[in-house]
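Below: the structure, in structure tokens.
Any read-out appearing in this document is the output of simple, stated calculations on the displayed coordinates, not a laboratory observation. It should be emphasised that the depicted structure is a prediction, and the values quoted were computed from it without experimental measurement. Positions of Cβ are backbone-derived with ideal geometry, glycine not excepted, and every protein chain shown enters the neighbour counts.
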């Protein structure tokens, strides 16, 4: 039996006491974090916000409480999600925007800080949607009728994302409504980027189609084609004349669809954005177009039963696959509507509307393939995502567009069945998802198109 050393006993006591103190601190820290991230609920949701954009954004969410998996908040500080993109995390990203908009429009604080530091992935469409939503919300807080809510922020470390936020996203949207009143800490050290390419256009109201292609939609489509050419010019490339015409036509129809899907008596709301930083080693052109109003499914649901596209194209496809695993009606209607020559405008077989989205995808895929054939060094593939209602659809080039001849072999019809067989088989469930708690009130399309590498440019 060994006699205890007095010094060793004292040391053991001190070690034990320190372990106890640290365990209490850890418990208190955990408790504090839990309190910070308690569920967020709005008691005044029954009071309507007198702003159409805010109302649409609030309607995205079908839940009444938001936990920290959706919105992390500590007092007036709000953390932008780690994965804030529509390609791989659509539902929680949309729920975050809805919750943040409600907080700014219905909260009792006069200022909020949005912290981007934790963010890892992002997309142009969500950042622009967040900018549009929060700009409207800060002007329409139900507790401060005569003043605006102040929005501050901390930029992410990612330089490209910082430029998107500042030059086309949240900061730009706020600055557009209050020119010169945004205090930006990066302004003094901001470097001019001569190869940053930005496109931004919004709807200005309903117009009748112009026989001379002078309406806003067609003018915007023409400007957008020039924008894509400018992005390509940085790499000593340009669209062919046929490709220019085709892109203008596709974008014009896409914007026409966006306006039609609005179905609003007030000002229709569609937004078109483009961004590329050609000063990066591996530049990516990002495009986003979205509108508020009706979903694709709602647009077809309101057509008469005898309508050609609904009766001969959409319903047969839906009925054929509805009872298969993972399939749901809204998703199948949306996929059917994306196919070539399927449109709520087509009332007979020879009508040719319904080429906007699918042809736009084909055009960018063809551009991507052409660059590869030219032995251009391109990293990644074209990606496209679409949300409408509860439906989320992804395109990543795994499946190819299918082509068939129509009108006595005088024209082409392209389809994208999301499988290797055709529309007679159901789509791959990997690319068609149903969002459980989020519902986008309209249509949103995002496209990522990789451009040739810049061997001498910074990374």
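Take peptides 233-245, 8-20 and line them up by average Cβ neighbours within 10 Å, highest first, as a rough protection proxy.
Packing proxy ranking, top to bottom: 233-245, 8-20.
Please report the antiparallel percentage of the DSSP beta bridges confined to the range 210-459, to the nearest 5.
Bridges in the range 210-459 are about 95 percent antiparallel.
So what's the gap between the Cα centers of the range 376-396 and the range 112-134, to the nearest angstrom?
Going from one Cα centre to the other spans 19 Å.
In Å and on Cα atoms, what radius of gyration and Dmax does the range 49-180 show?
Using the Cα atoms of the range 49-180, the pair Rg, Dmax is 13.5, 40 Å.
When ranked by the protection proxy of mean other Cβ atoms within 10 Å per residue, highest first, what sequence do the peptides 433-440, 60-67 form?
Taking the mean over residues of other Cβ atoms within 10 Å, the ranking is 433-440, 60-67.
Suppose R0 equals 60 Å; then what is the FRET efficiency for residue 192 and residue 306 from their Cβ-Cβ distance, rounded to the nearest 0.05?
Rounded to the nearest 0.05, the efficiency is 0.50.
Pull up the DSSP beta bridges for the range 49-180 and report the antiparallel fraction as a percent, rounded to 5.
25
Computed FRET efficiency, Cβ-Cβ of residue 233 and residue 117, R0 45 Å: what is it to the nearest 0.05?
0.80
If we sort 333-340, 140-147 on the protection proxy, mean other Cβ atoms within 10 Å, highest first, what's the order?
333-340, 140-147
Can you pull the percent of Cα pairs in the range 234-354 with separation above 23 Å?
The share of Cα pairs beyond 23 Å in the range 234-354 comes to 46 percent.
What's the Kirkwood radius of the range 210-459 in Å, using all Cα pairs?
Across the range 210-459, the inverse of the average 1/r is 19.0 Å.
Return the FRET efficiency for the residue pair residue 142, residue 69: r is the Cβ-Cβ distance, R0 is 25 Å, and the value is rounded to the nearest 0.05.
0.40
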